[in-house]
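The values are calculated or read from the model by the stated rules, or taken from the named source; none is laboratory data. None of the values given here were measured: they were computed from a predicted structure. FYI the Cβ positions are ideal-geometry reconstructions off the backbone, even for glycines, and counts take in every protein chain you see. Each accessible area value is taken on the protein alone, full model and side chains, heavy atoms only, with ligands, DNA and RNA left out. Shrake-Rupley method; radii C 1.70, N 1.55, O 1.52, S 1.80 Å.
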Amino acid sequence: MQIYKDKWEESYTRYENHIFFPKEEVVKFLNRFIRKKIGPKEFADKLDFSKTVRGLDLGCGIGSNTLLMHEFGIEAYGVDISAKAVETAQDLAKSRGIPESAVHFQVVDGVTLPFADNYFDVLVCDSVLDSMSFEIALQNMREINRITSRFAFFTLISGDDSEHYREFAQEEIVETTHEQGTVQCYYNFSKIRDLVKASAFQIKWCHLIKDISVLDKNVSSRYFVVLEKPRT
């Protein structure tokens, strides 16, 4: 079972994934399902913020989504297999005047998560589960299920609009310079459902967003998925 930790360290050393701003869809997820921002420091809460609401940014990279959760008043944690990424995330938080005690970053092994059952209310996993083999993604899904009590948000690269559609479970080792030597795993909706079956979550919301180049007609697409656990 290969995690390719060394390749991700190399990628972050080359500054390939120094993404300083979260995707618009991550902001929309927090605003729609967790708490809606209605003023500079005012929110209309979807979850119960009279108690601590914890969120995990799984595969946090340099921490842009972790810091976004902090901005939303969530006790934010970020984990990644890359020590270089975590170091950069800590520096980014510091540069924005956020004390170390306010956000929590650490390196993990890529399979197990060092948190108690149901420790988090919310989990964000942006462009991560598709950067590992499906076998390892299933193990991560079981850990996500164990530590997350309410909502999870994923983004996954789609193979529906490319040659990868013909091979349902296709995975490949990246040969281009960007993220060279890591795994790229392609998803369609059936594969997403198979991933979710490893958990008690239900698919609450799922959008496929396509990006079409006007110049060369190249199509890329990505799934944005919200999962929710039924209330007991």
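Taking 0.36 nm per residue of separation and subtracting the Cα-Cα distance, what length does fully extending S190 through T112 add? Intermediate results must be reported in sequence, preceding the final value.
On the way: separation 78, 0.36 × 78 = 28.08 nm, distance 2.53 nm.
Contour length minus Cα-Cα distance gives 25.6 nm.
Kirkwood hydrodynamic radius, computed over distinct alpha-carbon pairs, for segment 46-182: how many Å, to one decimal? Mind dumping the intermediate values first?
Working: mean 1/r = 0.0626 Å⁻¹.
Final number for the Kirkwood radius of segment 46-182 is 16.0 Å.
Separation of segment 1-44 and segment 189-217 by C-alpha centroid, Å?
If you average the Cα positions of each part, the centres end up 18 Å apart.
Under 19 Å Cα to Cα from K210, which aspartates and glutamates show up? Leave out anything in the same chain fewer than 8 places away.
E24, E25, D126, D130, D160, D161, E163
Which is farthest toward the positive dipole end of the chain among V107, V214, V53, measuring Cα position about the Cα centre, with Cβ charges +1 (Lys, Arg) and -1 (Asp, Glu)?
The Cα lying farthest towards the positive end belongs to V53.
Just the number, please: percent antiparallel of the DSSP beta bridges in segment 82-217, rounded to the nearest 5. It would help to have the intermediate numbers written out before the result.
Working: 3 of 10 bridges.
Roughly 30 percent of the DSSP beta bridges within segment 82-217 come out antiparallel.
Helix 83-95 sits at what angle to the longest principal axis of the chain, using alpha carbons and giving 0 to 90 degrees rounded to 10?
Roughly 40 degrees, rounded to the nearest 10.
To the nearest 20 debye, what charge dipole does segment 20-169 have about its Cα centre, counting +1 at the Cβ of each Lys and Arg and -1 at the Cβ of each Asp and Glu? Can you show the working numbers first?
Working: 17 positive and 23 negative charges, 139 e Å.
Around 660 debye, computed over segment 20-169.
Per the helix-only calculation at 222 nm, which mean residue ellipticity applies to the chain, given -39500 (n - 2.57) for every DSSP H run of n ≥ 4 and division by its residues, nearest 500 deg cm²/dmol? Don't jump to the answer; show the numbers that get you there.
Values: 6 runs with 58 residues, N = 232.
It lands at -7000 deg cm²/dmol.
At 1.4 Å probe radius, can you tell me the per residue accessible area of the chain in Å²?
Numbers: 11780 Å² over 232 residues.
Ligands and nucleic acids excluded, the result is 51 Å² per residue.
Can you compute the radius of gyration and Dmax for segment 1-120, using only the Cα atoms, both in Å?
In order Rg, Dmax, the Cα atoms of segment 1-120 give 14.9, 47 Å.
Which aspartates and glutamates, on any chain, are close to K46 with Cα under 15 Å apart, when same-chain ones fewer than 8 places away are left out?
The reachable aspartates and glutamates, counting only those whose Cα sits under 15 Å from K46, are D121, E228.
Which percent of the accessible heavy-atom area of the chain goes to carbon and sulfur, probe 1.4 angstrom?
Values: 5850 of 11780 Å².
It is 50 percent, rounded to a whole number.
R0 = 45 Å: FRET efficiency of Y15 with A200, Cβ-based, nearest 0.05?
0.70
Stokes-Einstein at 37 °C, 0.692 mPa s, Kirkwood radius from Cα pairs: D for the chain in µm² s⁻¹? Mind showing how you got there, number by number?
On the way: Rh = 18.2 Å.
D = 181 µm²/s.
Roughly speaking, what % of Cα-Cα pairs in segment 113-232 are separated by over 23 Å, rounded to a whole number?
Values: 2326 of 7140 pairs.
Value for segment 113-232: 33 percent of Cα pairs lie more than 23 Å apart.
Can you tell me which lysines have their Cα less than 19 Å from the Cα of K7? Leave out same-chain residues fewer than eight positions away.
K7 reaches K84.
Under 16 Å from a point placed 7 Å out from the Cα of D45 along the Cα-to-Cβ direction: which residues of segment 62-79 have their backbone N that close?
The answer is 70-76, whose backbone nitrogens lie closer than 16 Å to the label point.
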